[in-house]
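For reference, the structure is listed below as C-alpha cells.
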Amino acid sequence: MPSGGRSLRFLVSRRWLLLLLVVLLLAYACLLLGRWQWHRLEGKKTGNAIIRTNEKAAPAPVDRVLRHGEDPPDTAEYQVVSATGTYDVGKSVIVRYQTRDGSPGVDVVVPLVTDSGTALLVDRGWFATANQGLTDPTQVPPPPTGRVTVTGWVRQDAGGSSAQVVNASTRAISSSQIEPAIGVPLYGGFVQLLTESPKPQTPLTTADPPDLSNGPHFFYALQWWFFGILALFGFGYLAWEELTGRADLRRAQQPAKKPARGQPLQRAQQSAVDREHRPGHEGRGRAEQERSGTAEL
C-alpha cells in the first residue's frame, strides 16, 4: 500500500482513462511514423545500391534498356545508355523554373530520333536565363547537327500536373506527356546527358551526380520513437505524482487566481464580515449590551 493510504483507484476515473487513451494513441502514432521513416531508409539504401551498380556498368544500347511507351523499371534508374541519331530541334521542350546555385534557368529537352524511328528524350542540361518562365526553345543554344552519339543516365517519368506540356514547355519531364504534344514516338522515360559527340558550340550545364546519402530518415525514425516513449513516461510520471500526493502539494502551492479587473471583492469582503460576526463574537456582544443596560438601571 502506498504511503498515506493512497491507492491506484484514481486511474479508473474518467479523467485518467481519457488521458491514458490520448497517450496510447499518441504513442502508437509515433510508432507508425517511426516505422514509416525506417522503411524509407531501407528503400533509400536499396535504391542507392542499384545506382552504384548501374554507374559502374558500361553504357548499354538504349533499345536494350528502354521500350516505347513503358516507363523504365526501378532497376534501370541511373543506368548509363548510349544512342545514336539526329536531334529533332523543332520538337524541343523547355523545362521551366530550374535553378542552379540560386540562379534562374531552364532545362532543355530535345528528342534524338534513332535509326529505329523511335526517339529518345535527352535532357541536354541547364541553361541560365534572366526569365524563369522562358518557353521559347529558339532562345537556347542549339544541339549539334547531323548524327550525334549520346550517353546519359536513365531516369523515370515524372507524374502529376507538373508534367503537363503547354506551348512546348513543362515543369517536369514525362515521355507519356511529351509524346502526344510533339507527335513523335518516344522511348519511355528519358536520359540526363553525360556526353555528346560531336560537341555543341555552346554546351549546357549537365546534371549533377545522384545523391547517394541515406538522408535524414534514420534520425527521423529515432525522433518519432523518442516522442512516443516520452509520452508514456510523462503519463507514468503524472500518475506517480498523483499516487504519492505530490500533485496535491503542487496544486496547493500554486498562487490563487486574482479576481477580474473592475469586479468588487465581494467574496473577500464577505469573508471579513463573517469573521467579524462569528457566533462567539455575537454572544460576547449581547452580554456586553445586557451589562450596559443593568448599569444604567
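Observations on the model:
- Test: residue in segment 84-104 that is within 26 Å of residue 215 (Cα to Cα), touching a Ser or Thr at 6+ places or on another chain (Cβ under 7 Å) and charged (D, E, K, R): yes
Each row is one residue, and each column tells you yes or no for (1) outside any helix (DSSP H, G or I); (2) closer than 17 Å to residue 114 by Cβ.
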| position | (1), (2) |
| --- | --- |
| 27 | no, no |
| 45 | no, no |
| 48 | no, no |
| 83 | yes, yes |
| 94 | yes, no |
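- Every residue from segment 25-70 that is β-branched (Val, Ile, Thr) and either loosely packed, with under 12 Cβ neighbours inside 10 Å or more than 27 Å from residue 214 (Cβ to Cβ) (or both): 46, 62
- Matching option when the condition is open to solvent by 60 Å² or more (accessible area, probe 1.4 Å) and either within 21 Å of residue 76 (Cβ to Cβ) or of a type in the set (A, V, I, L, M) (or both), among 140, 166, 148: 166
- Taken over segment 166-188, the criterion of being touching a residue at least 40 places away in the same chain (Cβ under 8 Å), under 18 Å from residue 126 (Cα atoms) and not in a strand (DSSP E or B) is satisfied by 168, 171, 172, 173.
- Residue within segment 22-39 that is over 17 Å from residue 222 (Cβ atoms) and in contact with a Phe, Trp or Tyr (Cβ under 6 Å, 6 or more places away or on another chain) present: yes
- Residue check, residue 16 open to solvent by less than 70 Å² (accessible area, probe 1.4 Å), of a type outside the set (D, E, K, R), closer than 30 Å to residue 223 by Cα and part of a helix (DSSP H, G or I): yes
- Counted residues, segment 81-113 - those being modelled with pLDDT of 95 or more and among the hydroxyl-bearing types (Ser, Thr, Tyr): 4
- If only residues of segment 71-109 that are open to solvent by less than 20 Å² (accessible area, probe 1.4 Å), out of contact with any helix residue (DSSP H, G or I) (no Cβ under 6 Å at 6 or more places or on another chain) and of a type in the set (Gly, Ala, Ser) are counted, the one that is farthest from residue 173 (Cα to Cα) is 85.
- Reported count of residues in segment 110-137, each being open to solvent by 40 Å² or more (accessible area, probe 1.4 Å), part of a loop (DSSP other than H, G, I, E, B) and under 17 Å from residue 169 (Cβ atoms), is 5.
- Looking at 12, 22, just one residue is more than 29 Å from the chain's Cα centre (by Cα) and among the β-branched types (Val, Ile, Thr), and that residue is 12.
- Considering segment 205-219, the residues that are in contact (Cβ under 8 Å) with a residue 60 or more places away in the chain and more than 28 Å from residue 104 (Cα to Cα) include one that is most open to solvent (accessible area, probe 1.4 Å), namely 218.
- The condition of being in a helix (DSSP H, G or I), open to solvent by 90 Å² or more (accessible area, probe 1.4 Å), modelled with pLDDT of 90 or more and not basic (Lys, Arg) does not hold for residue 227.
- Summed over segment 151-163, residues that are touching a residue at least 12 places away in the same chain (Cβ under 8 Å) and either open to solvent by 50 Å² or more (accessible area, probe 1.4 Å) or part of a strand (DSSP E or B) (or both) total 8.
The values are calculated or read from the model by the stated rules, or taken from the named source; none is laboratory data. Every value quoted in this text rests on a predicted model; they were computed, and no experiment measured them. When we count neighbours, we look across all protein chains shown, and the Cβ atoms used for this are built from the backbone with ideal geometry, even at glycine. To get the accessible areas, we keep the full protein, side chains included, count just its heavy atoms, and leave off ligands, DNA and RNA. Shrake-Rupley method; radii C 1.70, N 1.55, O 1.52, S 1.80 Å.
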